[in-house]
Amino acid sequence: MSTGHEHEMISDTGKQHVVLGKLTSAYGTKGWLRVYSYTSPMDGILDYPEWLLHQGETVGSWKVREGRRQGKGLVACLEGVNHRDQAERLAGAEILLPTEALPALEEGEYYWYQLEGLDVVTRHGVVLGRVDYMLETGANDVLVVKHPDEGRERLLPFVPDDVVVDVDLEGQRMTVDWDPDF
């Protein structure tokens with residue numbers, strides 16, 4: 001019988017898991033936790049009935065008993081966590097999901113984790129750097145591209161077929177139509 005929170009040692013969360021969010025602090029006295037979600041929409045993280053919590057060197061599997069919006073954020077209650085002190089011990093844990101559990105995307109759509117780390121090169125072969133992370137803005141997502149040697153950071157709008165010409169996940173390369181001086 002599953003208790004909902006088996007633990008295992010892991011050495012690398014790497015590409016086998018994607019970070020969906022983080023448990024930030026205990027909420028109330030009955031074992032609830034505040035949740036910071038990286039999903040869009042924010043409460044999409046609550047669609048997953050079981051979370052892998054990564055804390056230190058261990059990953060534990062926890063069933064989500066209940067979750068909801070609370071103010072501007074989210075709160076959740078996990079199976080087997082019934083008191084504030086139990087919740088406090090989980091605060092700071094990252095919420096992981098195995099990448100194979102992510103829903104399939106349409107052609108030309110990507111998860112952010114797939115784009116992070118790609119080399120970014122102009123149509124003319126000028127290396128702009130690597131995708132360090134992405135930002136969500138009102139208009140469109142933005143690639144934050146850092147060049148290790150130049151110490152320069154560029155912000156490029158993620159606009160397929162305009163700025164972003166090609167994404168080659170296997171080759172770990174993104175081709176962009178972008179002026180290197182900008």
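The values are calculated or read from the model by the stated rules, or taken from the named source; none is laboratory data. The model shown is predicted, which means the values in this text are computed figures rather than measured ones. Glycine also receives a Cβ, built like all others from the backbone with ideal geometry; neighbour counts cover every protein chain displayed.
Does Leu128 satisfy the criteria of being assigned by TED's automatic domain parsing to the domain that holds Trp32 and either of a type outside the set (Ser, Thr, Tyr) or surrounded by 15 or more Cβ atoms within 10 Å (Cβ to Cβ) (or both)?
Here the answer is no, as Leu128 does not meet what is asked.
Do we find that Thr39 is in contact with an Asp or Glu (Cβ under 9 Å, 6 or more places away or on another chain) and in a loop (DSSP other than H, G, I, E, B) in this structure?
yes
Just give me the residues in the range 144-159 being outside any loop (DSSP other than H, G, I, E, B) and out of contact with any Asp or Glu (no Cβ under 9 Å at 6 or more places or on another chain), in sequence order.
Hits for the range 144-159 are Arg152, Arg154, Leu155, Leu156.
What are the pairs, 6+ residues apart or on separate chains, where a residue within the range 37-55 that is closer than 13 Å to Val19 by Cα has its Cβ under 6 Å from a residue that is assigned to a helix (DSSP H, G or I)?
Final answer for the pair search is Ser37/Ile45; Thr39/Ile45.
Does the range 106-125 hold any residues that are surrounded by fewer than 16 Cβ atoms within 10 Å (Cβ to Cβ) and part of a strand (DSSP E or B), and which are they?
Answer for the range 106-125, where residues must be surrounded by fewer than 16 Cβ atoms within 10 Å (Cβ to Cβ) and part of a strand (DSSP E or B): just Thr122.
Residues checked against (1) of a type outside the set (A, V, I, L, M, F, W, C); (2) assigned to a loop (DSSP other than H, G, I, E, B); (3) closer than 13 Å to Ser25 by Cα; (4) within 17 Å of the chain's Cα centre (by Cα):
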position	(1), (2), (3), (4)
Leu53	no, no, no, yes
Ser61	yes, no, no, no
Leu74	no, no, yes, yes
Asn82	yes, yes, no, no
Gly92	yes, yes, yes, yes
Leu96	no, no, no, yes
